[in-house]
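Everything on this sheet refers to the single structure shown next.
The values are calculated or read from the model by the stated rules, or taken from the named source; none is laboratory data. Computed from a predicted model, the values in this text were never measured in an experiment. Glycine also receives a Cβ, built like all others from the backbone with ideal geometry; neighbour counts cover every protein chain displayed.
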Amino acid sequence: MTRPVFSTELFNARVETQIQTFFDTMNNLYGRRGWDPDPPYREDTKWSNRDFSVEIIARYRDGAYKQVRFIMRNLPGIIREPRSLTDESAIRYEHRFVFDLPREYPQNIGTIRPAAETPLFHPRLASSGTGHACYSVRGELDRILEDLPFFVLLKPDRVEPPSQFQSDHGLNAAAMAWYEEDTTNIIETLDQLWEARHKSGSVAPPQRGRVRILSPQQPRDEPRRRSPQVLGEPERESRVRILDESEER
């Protein structure tokens, strides 16, 4: 194992800052979608709002944070192959992932392996729907937390289907074949269900048979993948990032 970079105090402070950054980023996204923001409430080593919980559930011997449990609520995810895209019995709105931070973090972040504790019918998870995901870590903790909701929502750049990314068929070839057959409608349906859970403060799932498949449209704003930050490199952004195309130019 690589020698730890930070003392326990600095290690834990870095992790806590990144957890708060995740909540800030999601609140920024919610604002752009017209949803009410919801700052997190902290209790010891657990941060929660109505939609997300991030909890440290294990530590290293020296007290440094080790294991993170991430719970997502009011977020539609497909738990088995649906009979149709309006098959609500195949949709679950709460999902749990767990993963370990290496003690030498932020070095060796590539060893982080998020594992699903609740089932998903997903090309990047085994046919059981649980266990370690086929997932590329592309940043530190805040970026992993930002990514996982869109992993559940089956966004193409998280699934990386071979027809679009010249990638492989993941861990569940049947799920990948199902996804490639109707990618646009799948991701738009999940996005509509996510929207329905947040409109006017609603937390109830849409009524059966009322989900409409929309024609293709511009994708919603979401936290975008960023290249990993090199240790010691100055932060190039001074505020939370969720930019429209016009702002990026």
For the range 139-157, what are the residues that are outside any loop (DSSP other than H, G, I, E, B) and not acidic (D, E)? L141, R143, I144, L145, L148, P149, F150, F151, V152, P156
Among residues belonging to the range 94-108 that are in contact with a strand residue (DSSP E or B) (Cβ under 8 Å, 6 or more places away or on another chain) and assigned to a loop (DSSP other than H, G, I, E, B), point out the one that is surrounded by the most Cβ atoms within 10 Å (Cβ to Cβ). L101
Go through the range 158-170 residue by residue and tally those that are part of a helix (DSSP H, G or I) and surrounded by 15 or more Cβ atoms within 10 Å (Cβ to Cβ). 2
Would you confirm, using the coordinates I've provided, whether R83 is on the phi < 0 side of the Ramachandran plot and without any contact (Cβ under 8 Å) to a residue 12 or more places away in the chain? yes
Kindly indicate the residue of the range 67-86 that is part of a loop (DSSP other than H, G, I, E, B) and not acidic (D, E) and also nearest to the chain's Cα centre (by Cα) among those meeting that condition. I79
Which of the residues that make up the range 84-106 are basic (K, R) and farther than 14 Å from T189 by Cα? R96, R103
Can you tell me which residue is farthest from F70 (Cα to Cα) among those in the range 115-132 that are buried (at least 22 other Cβ atoms within 10 Å of the Cβ) and either in contact (Cβ under 8 Å) with a residue 24 or more places away in the chain or of a type outside the set (G, A, S) (or both)? P123
The conditions are (1) among the small types (G, A, S); (2) within 27 Å of S136 (Cβ to Cβ); (3) at pLDDT 95 or above; (4) more than 14 Å from the chain's Cα centre (by Cα), and G110 fails exactly one of them. Which is it? (3)
With the condition kept exactly as written, say whether any residue in the range 30-49 is among the charged types (D, E, K, R) and closer than 18 Å to R143 by Cβ. no
All positions within the range 37-49 that are outside any strand (DSSP E or B) and surrounded by 14 or more Cβ atoms within 10 Å (Cβ to Cβ): D38, P40, T45, N49
Conditions first: (1) under 23 Å from R59 (Cβ atoms); (2) over 16 Å from the mean Cα position of the chain (by Cα); (3) surrounded by 18 or more Cβ atoms within 10 Å (Cβ to Cβ). I91 passes all but one, so which condition is the exception? (1)
